[in-house]
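The structure under discussion appears below in the form of structure tokens.
The values are calculated or read from the model by the stated rules, or taken from the named source; none is laboratory data. Computed from a predicted structure; not experimentally measured. Cβ sites come from the backbone with ideal geometry, for glycine too, and all protein chains shown count toward neighbours.
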Amino acid sequence: MPTQAGRVLSSLTVRGRCVVAAAATLLLVGALLGERPLVQLAVFTLALPLLSAVAVARQRFRISARRTVTPPRVPRGETADVVLELTNSDTRTGGLWLLTEQLPADLGSSPRFLVERLAPGARTALSYRVHGARRGRHVLGPLRLRLVDPFGLVERSAVGADSAPLLVVPRVRPLGTDGPAGGHGGGGEGSRRTIAVHGEDDVSIREYRQGDDLRKVHWRATARTGELMVRLEERPWRAQATLLVDTRARAHVVAPRVRTADAVRIGPAGDDAPPVDSLEWVVEAAASIGTELGRRGAALRAVTDTGELVPASGRGRLGAEDLLDRLAAIGPSRHSGLGVGVEQVCRAAGDGPVVCLLGAVGPDDVVELIRSRTGPTTDLAILTDIESWVAPAPGRGRRMSTASRGALAAAREDAATLLRTAGWRVAVARADRTVAEVWAELGGPLQAETTTVAELHGTRA
């Protein structure tokens, strides 16, 4: 009996509890005053929620739900339409059903529906739209059903076991024709500028270092500068390319899962869906660059600081869709260094060029990377100015001290100097720069550097 009473009380709505409280008060007043009509009215009022609870308890609901998501995978910032088809699988006509489709906060508010007296075997279609505000693998559902009496005094609820997936992939940004990949993947004027195998004007050069092949000496540049200079051969992107994506949490400014009301929106002018943080920028850059290189025929491989991203088949090259699907599930990692990623690059890259998309780094982070890439290929590195994703206005959004900003900037400049000294092309990503702008900068001339690791440490000392 106590169980039944507790079950009735737990099924009461706010309105039902108010009715019970009012009836109990009326009963007490009627008993104290000896007013029989008040007592009768109180008893009737108390009986109403009880009778409603019995009526609702007798109702059964057996619902089958099927979701159709169009499209099943969307770029971040885009929308998908969902059709929820319900079927009354019971032999009785349904009552008043209040339905709530449970959604992750990243997809928007949970839609609610009202379905009344659905006949046995009958179907009804409900539709809603979700906004893929955050990259990742999301689940639509399950459906939460509430059965209420006509007076709104009692309700029962149940949660279904059905759901549907929605994949929100990184946005692929257009890169234009000014990047290292050139204007045409198969050769021609657009690709000559960076492939650098067709003539003297196409050759990138740097100072000779011990161990360089003397057959690569560039005599014209040597005569002009008075220093022994060697050619840097930039391998055609149509052969093989490897992406290294830095996902370390310590190397990024990561936005909270739930955006606060005072969150500052930072991004390039005219971008209606800018990356919410530095990690998202890096992931979208990897998606955009990888898609472009794949379109030009490159055999693409991608690694992170936690390991290699492999296609669904578990082997072979990454196709465009495989790359986006794998990048969709990437989150901030707990790794402190890039050791695992560098090791994977050594295994995967071979003679092909490497594109490194790095967060906040210093000289110590890039030394092993430089040592692992000793061939003639010109590799590329994008270093991220994570400070630019921190709101400059005090008291709003994320904050960073002036000292921290200065230390990060100095470490980044030292790392860039080391990379350029080793013959890498380097560009810096900021919140107000597009992927296309940074990619185009990588297509510019190499900057000569002669600083060593020891000199950098000596300068800081």
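Do we find that Leu456 is at pLDDT 85 or above and assigned by TED's automatic domain parsing to the domain that holds Gln240 in this structure?
no
Which one of Val310, Val254, Val276, Val340 is β-branched (Val, Ile, Thr) and buried (at least 21 other Cβ atoms within 10 Å of the Cβ)?
When all the criteria are applied, what remains is Val276.
Taking only pairs six or more apart or across chains, which ones have beta-carbon atoms under 6 Å, a first residue in the range 405-431 that is assigned to a helix (DSSP H, G or I), and a second residue that is hydroxyl-bearing (Ser, Thr, Tyr) and modelled with pLDDT under 95?
That search, which allows pairs on different chains as well, returns Thr417/Thr451; Thr421/Thr451.
Return the only residue of Pro120, Pro165 being out of contact with any helix residue (DSSP H, G or I) (no Cβ under 9 Å at 6 or more places or on another chain) and either at pLDDT 95 or above or part of a strand (DSSP E or B) (or both).
Working: Pro120 fails: either at pLDDT 95 or above or part of a strand (DSSP E or B) (or both).
None of the other options fit; the residue is Pro165.
Which members of the range 125-161 meet the condition of being buried (at least 20 other Cβ atoms within 10 Å of the Cβ) and among the polar types (S, T, N, Q)?
Answer for the range 125-161, where residues must be buried (at least 20 other Cβ atoms within 10 Å of the Cβ) and among the polar types (S, T, N, Q): there is none.
With respect to the numbered conditions (1) under 30 Å from Pro256 (Cα atoms); (2) surrounded by fewer than 18 Cβ atoms within 10 Å (Cβ to Cβ); (3) not aliphatic (A, V, I, L, M), which one is the sole condition not fulfilled by Thr87?
That leaves (1) as the condition not met.
Restricting to the range 57-108, give me the number of residues that are over 21 Å from Arg146 (Cβ atoms) and more than 32 Å from the chain's Cα centre (by Cα).
1
Looking for something of a type in the set (S, T, N, Q) and modelled with pLDDT of 95 or more - is there at least one such residue anywhere in the range 90-98?
Checked the range 90-98: no residue is of a type in the set (S, T, N, Q) and modelled with pLDDT of 95 or more.
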